[in-house]
Every structure is written in structure tokens, then in C-alpha cells.
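One structure is given here, and the rest of the page talks about it.
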Amino acid sequence: MSNPDSFINEVTEELRRDRIMGFARRYGWIAVLAIVLIVGGTAWNEWRKAQERASAEAFGDAVLAALENDAPQDRLTALEQIETTGPQSGLVQLLRAGELLQTDRATALDALNAAAEDTALPEATRQLAALKRVISGGAELSVDERRTVLDRLAQPGQPMRPLALEQSALLQLEQGNTETAIEILTDLLSQSEVSDALRRRATQLVVALGGDVG
């Protein structure tokens, strides 16, 4: 390579370095900011996860401590004093209702109804409250009211569908509709998401009613 070519290459390389340094001086803060954001974001996520774990553990400890009380009223009082956030509120409401069922059924059913209608709670929690109210209320609730709730919960894709179908079959039996109850239970047994315990109960009931479980 001739000296002129070598000189031109050296000049070009020097200009390239000057341009890179110029870009670095002008826009380097963006890279630094990006690094800070990445590192800061990672640290924030770890801190948030740690806080969530600590909160969940504290909540679990408080619930267990409350339920360790011997007297229902003491358990109820302890549950009412637990500080909750988000879905924790729904769980405490259900636990409180469970304690109230032993001492004040009317208030317990009202509490379950309030939880079922509380749009701030997760849908699964609301459905569980509605189902527990139907089961606990029994004949204290009208047949039409129970049927309306169970029909809604038994729709395909709903988290409480299997249990709602079981209760729907029992409601039909209460009204003397044995064949309809068997049909509902047979439909229940065809569902893939049915637990083993629920499948056993449904099978035993179908057999007891004279149905065929295939």
C-alpha cells in the first residue's frame, strides 16, 4: 500500500474515532440512563417480590393465629383485626362468614352475599361466596333464588361449575325430580376437571338413585 493510501486510511480512521467519541459525548448519557433503568428496574422487582412474600407470610401467620383461638367469637374478633390487601380481603370475609355460621346464621348469610356482590374481589372468590351461601342457607333461601345462583355458577368455563352442578342435582332431588338429578350428575361425571372426591360422591349418588354410571 502506498504512503498516500496509508495516510488517507489513518486520517479516515481518526475521523471515525472522533465521530464515535462525539456521539459518545453527545448521546452517551442515554446508554448510562438505560443501564441505570435496567439495574434499578431489576432491583425494584426484587424488592417488590420480597415485599409481596413478606406480606403473604405475615397474612398467613395472622390467619393461622386467629384460627387457633378456641372460642368462635375470639376467632371472629381476631379475623376482623387482620389487615388485608387485594384478594386477602375476600379470604378473610369467607373465613369470618364461616365463623358466623356457628353463632349467627343470618349475619353469616348476609356477609356471604356481600362478598358475592363485591366487585373488588376476584371472580373466583365471589363465586365461592355465592356457592357457600347457597349450601349454608339451604331451605332458608327460596328454591328460585338457589336455582338462579346455581345456574349462573354452572355455566361452562366457570370455576365453580363442578360444585354448582352437584348442588343443582341436590336441589332437583329436594323437589322430587330424580331423573333430572341423574342427568345433571351424569353431565358432571363427563367433565374432565372434576376432582376425585367429587367424582366419587356423584357416582355414589347416581347409583343410589338407580342410575347408570356406564
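Only one entry of Gly138, Gly210, Gly176 meets the criterion of being within 29 Å of Thr107 (Cβ to Cβ) and among the small types (Gly, Ala, Ser), and that entry is Gly138. Note on the range 176-203: among residues that are modelled with pLDDT of 90 or more and among the β-branched types (Val, Ile, Thr), the one that is farthest from Asp151 (Cα to Cα) is Thr203. Within the range 77-97, the set of residues being more than 16 Å from Arg126 (Cβ to Cβ) and at pLDDT 75 or above comprises Thr77, Ala78, Glu80, Gln81, Ile82, Glu83. Of the residues in the range 135-153, not one is outside any helix (DSSP H, G or I), within 19 Å of the chain's Cα centre (by Cα) and surrounded by fewer than 19 Cβ atoms within 10 Å (Cβ to Cβ). Report yes if Glu83 is more than 19 Å from Leu141 (Cβ to Cβ) and of a type in the set (Asp, Glu), otherwise no. Here the answer is yes, as Glu83 does meet what is asked. If you go through the range 118-132 and keep only what is more than 19 Å from Leu163 (Cα to Cα) and of a type outside the set (Ser, Thr, Tyr), you end up with Asp118, Ala120, Leu121.
Residues of the range 190-202 that are in contact (Cβ under 8 Å) with a residue 12 or more places away in the chain and either farther than 15 Å from Leu170 by Cα or in a loop (DSSP other than H, G, I, E, B) (or both): Gln191, Glu193, Val194, Ser195. Close Cβ contacts (under 6 Å, 6 or more residues apart or on different chains) running from residues in the range 67-95 that are farther than 15 Å from Ala115 by Cβ to residues that are polar (S, T, N, Q) and in a loop (DSSP other than H, G, I, E, B) comprise Pro72/Gln102; Pro72/Thr103; Arg75/Asn69; Ala78/Asn69.
Yes/no per residue for (1) in contact with a helix residue (DSSP H, G or I) (Cβ under 7 Å, 6 or more places away or on another chain); (2) not in a helix (DSSP H, G or I):
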{"site": "Gln158", "(1), (2)": "yes, yes"}
{"site": "Pro162", "(1), (2)": "yes, no"}
{"site": "Leu173", "(1), (2)": "yes, no"}
{"site": "Ala181", "(1), (2)": "yes, no"}
{"site": "Gln204", "(1), (2)": "no, no"}
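The values are calculated or read from the model by the stated rules, or taken from the named source; none is laboratory data. What you see is a predicted model, and the numbers here were worked out from it, not measured in a lab. Glycine also receives a Cβ, built like all others from the backbone with ideal geometry; neighbour counts cover every protein chain displayed.
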